[in-house]
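> Have a look at this one.
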Amino acid sequence: MRTDIAPDIICLQADNASAMTGTGTNSYVLQAPEGAVVIDPGPDLTQHRAAIMANLAGRPIAAILITHAHLDHTEMVPWLTMMTGAPVMSYGPAARGRRLLLNDLAGGEGDDPHHDPDVVLCDGERLVLAGASISVHHTPGHMAGHLCFGYHDVLFSGDHVMGWSTSLVSPPDGDMAAYRRSLHKLLGGSWRMFLAGHGAPILNPEARIQSLINHRAAREAMILAALQSKSSDALQIAHQIYTDINPALLPAAARNVLAHLIDLSDRNIVLSHGPLAADTQFHLI
């Protein structure tokens, strides 16, 4: 599905709707003065391939920008680079930037193990691509290498800030402390609109960021309350505090809880019983 966000920004929604992707992954075509920039090509689906090629409108692709190396955002990259020769730019392979503490923790579902960009981007860079000026913002949390891209007063926010849902913060990719810092990093900007990796445009970016900050603070308080009476693991706590979600999403909720517990452990508020794992028991200090 195509949505014209602005005269030079097209959103193409892939047909990969699910509980984790909402209505589908959003790929963006920026029609720059001297060509085009594609942000997150998305899943490698025949219809989505055709949509991206059709909406380039004959423009050469100056670059393929990747917010993060999850397959629902990167699966089409090999095909698109083969067809166009465009360079791929991102923070790096899926595991780049992960904390050493989390490396041995099972997880990493949905990572693209083959993602290897032509150009590695860093926080604060300013790119000039096909005549368009694009700023690079490193926003780890949902994934260690997550990037947002600024274009005028629009921020392509990937899976860091979405309107339809909170972000999954699932260790070892997800880091709750980093996620919360990254939310604060975007506060006070001059952004008019966020264009997320899933869902509709966010027209009140400051309010949405603050609501996400408040949500995480509330979840932390609920986790601490759950630990008042006894030790628990992430899944046990998720069953206790996520009372309003589809039961099929409880494993993902438990990963969010585990991310909170690791953050609380780092801050010496809780203590784990043994090495970090999905079923590690935690108790208050």
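> Please give the length that would be gained between ASN204 and LEU284 if that part of the chain were fully extended, namely 0.36 nm times their separation in residues minus their C-alpha to C-alpha distance (nm, one decimal).
Between ASN204 and LEU284, full extension yields 25.1 nm more.
> Got a sec? What order do CYS148, CYS122 fall in by accessible area at 1.4 Å, biggest, i.e. largest, first?
Accessible-area ranking of CYS148, CYS122, largest first: CYS122, CYS148.
> Can you tell me the order of 259-269, 172-182 when each peptide is scored by its average per-residue count of other Cβ atoms within 10 angstrom, highest first?
In decreasing order of mean packing, 259-269, 172-182 become 172-182, 259-269.
> Compute the length gained on full extension between ALA6 and GLN228: take 0.36 nm times their separation in residues and subtract their Cα-Cα distance, giving the result in nm to one decimal.
Details: separation 222, 0.36 × 222 = 79.92 nm, distance 5.06 nm.
Once the chain is fully extended between ALA6 and GLN228, it gains 74.9 nm.
> Please give the contour-minus-distance gain from SER190 to ASN268: 0.36 nm per residue of separation, less the Cα-Cα distance, rounded to one decimal in nm.
Gain in length upon complete extension: 24.5 nm.
> Oh, and also: Cα extents of the chain along the three principal axes, largest first, in whole Å?
63, 35, 34
> I need the phi-derived Karplus couplings for region 157-169: 6.51 cos²θ - 1.76 cosθ + 1.60, θ = phi - 60°, integer Hz, Gly and Pro marked x.
9, x, 9, 6, 10, 10, x, 7, 7, 6, 7, 6, 10
> Between region 203-257 and region 143-158, how far is it from one alpha carbon centroid to the other, in angstrom?
25 Å
> Rounded to the nearest 10 Å², what accessible area does LEU80 show when all protein chains are kept and the probe is 1.4 Å?
Its accessible surface works out to 0 Å², give or take rounding.
> When the solvent-accessible surface of protein heavy atoms is calculated with a 1.4 angstrom probe, in what order do LEU127, LEU284 fall, highest first?
LEU284, LEU127
> Please figure out what share of the DSSP beta bridges in the chain is antiparallel and state it in percent, rounded to the nearest 5.
75 percent
> Region 117-208: D in µm²/s via Stokes-Einstein (Kirkwood Rh, Cα pairs, 4 °C, 1.567 mPa s)?
Working: Rh = 13.5 Å.
Value of D from the Cα-based Kirkwood radius: 96 µm²/s.
> Which percent of the accessible heavy-atom area of the chain goes to carbon and sulfur, probe 1.4 angstrom?
56 percent
> In Å², what does the accessible area per residue of the chain work out to with a 1.4 Å probe?
42 Å²
The values are calculated or read from the model by the stated rules, or taken from the named source; none is laboratory data. These numbers were taken from a predicted model, which means no experiment stands behind them. Note: ideal-geometry Cβ built from the backbone for every residue, glycine included; neighbour counts use all protein chains shown. Note: accessible area is taken over every heavy atom of the protein model, side chains too, but ligands, DNA and RNA are not part of it. Shrake-Rupley method; radii C 1.70, N 1.55, O 1.52, S 1.80 Å.
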